[in-house]
Amino acid sequence: MAIFKGAGVAIVTPMKDNLEINYDKLDEMLEEQVAGGTDAIIICGTTGESATMTEKEHSEAIRFAIERVNHRIPVIAGTGSNCTRTAIELSKEAEKDGADGLLLVTPYYNKATQNGLIAHYTAICNEVKIPAILYNVPSRTGCSIQPQTLARLVKDVDNIVGVKEASGNIGTVAEIMHLCDGNIDLYSGNDDQVVPLLSLGGIGVISVLSNVAPAYVHDMVYRYLSGDREGSCKMQLDAIPMCNALFCEVNPIPVKAALNMMGKEVGPLRAPLTEMEDAHKEVLRKAMTDFGLL
């Protein structure tokens, strides 16, 4: 069984002015996402600024989301690290706290060979029993999971069940699905490629856009899965200007700006991320207006 089908939100982490995590606001956001039809919460991912969290904050934020969502939809914990030991510790803690699954990004900065990736992911997943989705985003990590490597991991490690594919390379995705022969759950990691990945056998998306338009992204995926491919495709194409605006600066700068424009008061970003440039804010504001968010 898949951890989820449909639209999972890569949820932002709201901050107070002093850059502490704003748990009251996170509580509101979780409720809005559940009410908006989101199919899963992905907490402490890239969009959640996990790279600038302490390990204590990381575990506390995961625990908070699990408690507040309270089994209404799955909560997937981002517990990846470029340190295998740290990833194991975070993953075990998330499992103990009741996470429904893990999202494990490829090791960044120090990177790894393909054999290193096999050893890294096998070591983490052998320490837990909950399912894991591997996260392939080479533009950020400088480290790519090759299709053959992924196929081997899915075959050899029982609780590796899925991949969040954000390479942007449709050929790579097709090769993954060919080699895994239906034994992997494919999620788009790019909001502008949801329907293309669904057409290759995907079952959903882990979405930045869902932060501001949860019902829209859910409906786009479920239209496709229920057979309305033309309607789903139109929704994908209609959303392209909004997707582009959300990535006109590095994620999560634009999506936090968008939420603040909507009055959600998610606060500032932790350094080294900076507030959005004024020219880009106007691009974002126009896209949001055209998309019906403002």
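The values are calculated or read from the model by the stated rules, or taken from the named source; none is laboratory data. Bear in mind that the values here come from a model prediction, so they are computed numbers and not experimental data. Heads up, the Cβs are rebuilt from the backbone with ideal geometry, glycines too, and the neighbour counts pull from every protein chain shown. To get the accessible areas, we keep the full protein, side chains included, count just its heavy atoms, and leave off ligands, DNA and RNA. Shrake-Rupley method; radii C 1.70, N 1.55, O 1.52, S 1.80 Å.
Quick look at the values:
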{"item": "Residues of the range 66-92 classified as of a type outside the set (Val, Ile, Thr), more than 22 Å from Thr122 (Cα to Cα) and without any contact (Cβ under 8 Å) to a residue 40 or more places away in the chain, total", "result": "4"}
{"item": "Residue match in the range 109-125 (condition: open to solvent by 10 Å² or more (accessible area, probe 1.4 Å) and in contact with a strand residue (DSSP E or B) (Cβ under 6 Å, 6 or more places away or on another chain))", "result": "no"}
{"item": "Residue count, the range 240-254 (criterion: within 23 Å of Ile41 (Cβ to Cβ), part of a helix (DSSP H, G or I) and open to solvent by 50 Å² or more (accessible area, probe 1.4 Å))", "result": "0"}
{"item": "Yes/no for Val105 being open to solvent by 10 Å² or more (accessible area, probe 1.4 Å) and in contact with a helix residue (DSSP H, G or I) (Cβ under 9 Å, 6 or more places away or on another chain)", "result": "yes"}
{"item": "First in the range 204-230 and in contact (Cβ under 8 Å) with a residue 60 or more places away in the chain and more than 9 Å from Ala7 (Cβ to Cβ), second anywhere and buried (at least 23 other Cβ atoms within 10 Å of the Cβ) and β-branched (Val, Ile, Thr), Cβ under 7 Å, 6 or more apart", "result": "Val208/Thr47; Val208/Val255; Asn211/Val9; Asn211/Ile11; Asn211/Val12; Asn211/Val255; Val212/Val255"}
{"item": "In the range 104-140, the residues that are among the β-branched types (Val, Ile, Thr), within 27 Å of Ser207 (Cβ to Cβ) and in a helix (DSSP H, G or I)", "result": "Ile124"}
{"item": "Hits in the range 126-140 - residues which are within 19 Å of Lys92 (Cα to Cα), crowded, with 18+ Cβ neighbours inside 10 Å and of a type outside the set (Val, Ile, Thr)", "result": "Pro131, Ala132, Leu134, Tyr135"}
{"item": "Subset tally (residues that are closer than 17 Å to Ala287 by Cα and in contact (Cβ under 8 Å) with a residue 24 or more places away in the chain) for the range 248-273", "result": "12"}
{"item": "Hey, Val266 aliphatic (A, V, I, L, M) and within 15 Å of Ala10 (Cβ to Cβ) or not", "result": "yes"}
{"item": "Sole residue being touching a Pro at 6+ places or on another chain (Cβ under 8 Å) and surrounded by fewer than 17 Cβ atoms within 10 Å (Cβ to Cβ), chosen from Glu282, Glu275", "result": "Glu275"}
